[in-house]
Amino acid sequence: MLPLVWGATPDEHARTYPADAMVDGPVLRMTRAVPVAAGPELVWRWLCQMEVGPYSYDWIDNRGRRSPRRLTPGVEDPAVGQRVQVFRVTDVDPGHHWSGLTIPKVFGRTAVTYAVEADGAGSRLVCRILTGQRGPVAWAASRLLAWGDLVMMRKQLLTFRELAERDARSAD
């Protein structure tokens, strides 16, 4: 399943997310997920921090500046039309998911949904990415994107998990 699926359950990969309807034509669909030992509200709050940092490999995505390790006051829910990293937000269900389309079209049209789902006493943080693959160049680029995204998204989701779990432990 690599590089298309990492950490996601079969149900999470089969499920429909808002990003699934944002890219027309043939697409490459990727799903990444992590379990988080923290409540959905805290995980959502950390996910909203993407407004101020990428939380992946900062030396690549953030010009060497470290993404904040404390929640930034006022960074709550992304708004439709707002820029969050390389995405323009298209849909928000506060506390549950936000979706967006890429602003720079380096790899063609790419859509994303980040979702937080309750899972027992904790949460699941799921990311769905779709990228168009019309024509042989777009098809090849989508395969490169899948491997690159796997590396970067894995780091991002693990970082959000680490920070949310740290805050959940300190709140006890």
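Computed from the coordinates by the stated procedures, all read-outs in this text should not be read as laboratory data. The shown structure was predicted, so the numbers you read here are calculated from the model rather than taken from an experiment. Please note: Cβ atoms are built from the backbone with ideal geometry, for glycine as well, and neighbour counts cover all protein chains shown.
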**Over the chain, relative contact order from alpha-carbon pairs under 8 Å, at least 6 apart, %** = 32 percent
**Separation in nanometres of the label points that stand 7 Å from Cα toward Cβ, at residue 52 and residue 96** = 2.7 nm
**Asked** In sequence order, what are the phi-derived ³J(HN,Hα) couplings for the range 133-144 according to the Karplus relation 6.51 cos²θ - 1.76 cosθ + 1.60 with θ = phi - 60°, rounded to whole Hz, with x for glycine and proline?
**Response** 9, 6, x, x, 5, 5, 4, 5, 4, 5, 5, 5
**Request:** Provide the gained length on full extension for the span residue 65 to residue 140, in nm with one decimal, where the gain is 0.36 nm per separating residue minus the Cα-Cα distance.
**Result:** 23.9 nm
**Asked** Roughly what would the spin-label model give for residue 2 and residue 88, points 7 Å off Cα along C-beta, in nm?
**Response** 3.6 nm
**Computed [θ] at 222 nm, deg cm²/dmol, the chain (DSSP H ≥ 4; -39,500 (n - 2.57); rounded to nearest 500)** = -10500 deg cm²/dmol
**Item:** Descending Cα extents along the principal axes, the chain, whole Å
**Value:** 53, 35, 27
**Item:** 19 Å cut-off, amide nitrogen to a point 7 angstrom out along residue 166 Cα→Cβ, residues in the range 29-53
**Value:** 34-53
